[in-house]
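Participant: This is the structure I have questions about; it appears just below.
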Amino acid sequence: MTLVLFLGALEIGLIYALVALGVLISFRILDFPDLTADGSFPLGGAVCAVCIVNGIDPWIATFAAAIAGGLAGLVTAWLHVSLKILQLLASILVMIALYSVNLRVMGSPNLSLLGEPTIYEPFINADASNQLYIQPLFVLGFVIVAKVLLDWFFNTEVGLAVRATGANLRMAKAQGIATGKMIFLGMALSNALIALGGSLYVQTQGGADMSIGVGTIVIGLAAVIIGETLIPSKRILVITLAVIVGSILYRFFIAVALSSDTLREIGFGAQDLNLVTAILVVLVLIAPQLKSKMKQQFSSKKS
């Protein structure tokens, strides 16, 4: 793997680490199967790109994207909590609606940011010689801040209430926790992180596109499962770290798979990204089962 490919995979892996943290909140902490991510990721990118093109400071545009994602999460939570629509169906409805919203926000299927300022620009040399290093470092900073804030939040009284809501809804209600409000809060936080990832993604890639959200939830969930498999823990501090590691490793797996000479010889190429992604996700999903079976066989042989 070349240095360029390595740093590129690291950068995208860190961006999707924010997505994975958002998926962790909805799927694992809240126990809310949320597909809104496939809409909130491109929503973050669309809002950020439109703001930048219209002369708004890139930093303001980045955080405006996060707010937009949070609002999308609130709509999903509202459909479920207030209108009693099933969790999965509520998220699918919002995901579908966001396709039209994103198209209206951008005004076209794609929007270029070439020549426009980004949060990275002030720190990149005129000849762009340090761009390969600056962008991953910037994204790493966002990931570290997000992790630290999440670790702190989920150990506060409100954060523990969110965790209790996901762990046992009935028991949480019996303890006097306003579970509806906790779902609203968790879903907003989850999709805000995912949209933040989308805003960083479009600034990295030089433009926003309607298709960037395809498979977002699959990537985020795969990162969560990889992290949980490699670094199992019940401590939130370790869980968030595991998810970040899982996201980075996942992107490295993709990069290695697509650059493999063996796969190229049998006809795989860049156009097969989604196929390779699906295969890797299947392998990730069955890995815990294989690990459990191997442990059982080992213990039976030992006894």
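The values are calculated or read from the model by the stated rules, or taken from the named source; none is laboratory data. Note that the structure is a prediction, hence the values are computed from the model and not measured. Don't worry about glycine lacking a Cβ; one is built from the backbone with ideal geometry, like all the others, and counts go over all protein chains shown. The protein model used for the area step is the full one, side chains on, heavy atoms only, and it has no ligands, DNA or RNA in it. Shrake-Rupley method; radii C 1.70, N 1.55, O 1.52, S 1.80 Å.
Participant: Once mean projected area of the Cα convex hull in nm² is worked out from the coordinates, which option in (1) 18.7; (2) 15.0; (3) 15.8 does it equal?
Facilitator: (1)
Participant: Heavy atoms only, probe 1.4 Å: what % of the accessible area of segment 3-212 goes to carbon and sulfur, would you let me know?
Facilitator: Details: 6290 of 9300 Å².
Percent of accessible area from carbon and sulfur atoms in segment 3-212: 68.
Participant: Can you tell me the relative contact order of the chain? Whole percent, Cα pairs under 8 Å, sequence separation 6 or more.
Facilitator: Over the chain, the number comes to 34 percent.
Participant: Please calculate how many Å² of accessible area the chain carries per residue, with a 1.4 Å probe and no DNA, RNA or ligand atoms counted.
Facilitator: Values: 14970 Å² over 303 residues.
The answer is 49 Å² per residue.
Participant: Now for a different question. Could you work out [θ]222 nm for the chain from helices alone, using -39500 (n - 2.57) per DSSP H run of at least four and dividing by all its residues? Round to the nearest 500 deg cm²/dmol.
Facilitator: On the way: 12 runs with 223 residues, N = 303.
Mean residue ellipticity, 222 nm, calculated: -25000 deg cm²/dmol.
Participant: Tabulate in residue order the Karplus-calculated ³J(HN,Hα) for segment 54-66, using 6.51 cos²θ - 1.76 cosθ + 1.60 with θ = phi - 60°, rounded to whole Hz; enter x for Gly and Pro.
Facilitator: With coefficients 6.51, -1.76 and 1.60, one gets 8, x, 7, 3, x, 5, 5, 4, 5, 7, 5, 4, 4 Hz.
Participant: For the chain, modelled as a Gaussian network with Cα springs under 10 Å, which listed residue fluctuates most, PHE184, PHE123, PHE253?
Facilitator: PHE123
Participant: Too long at a 22 Å Cα-Cα cut-off: which of LYS234/LYS295; LYS234/LYS291; LYS181/LYS234; LYS147/LYS173; LYS84/LYS181?
Facilitator: LYS181/LYS234; LYS147/LYS173
Participant: While we're looking at this one, here's another question. Can you pull the accessible area of ILE183 for me, 1.4 Å probe, Å² to the nearest 10?
Facilitator: 20 Å²
Participant: Further question: I'd like the FRET efficiency for GLN289 and SER112, computed as 1/(1 + (r/R0)^6) with the beta carbon distance as r and R0 of 35 Å, rounded to 0.05.
Facilitator: FRET efficiency, GLN289 to SER112: 0.20.
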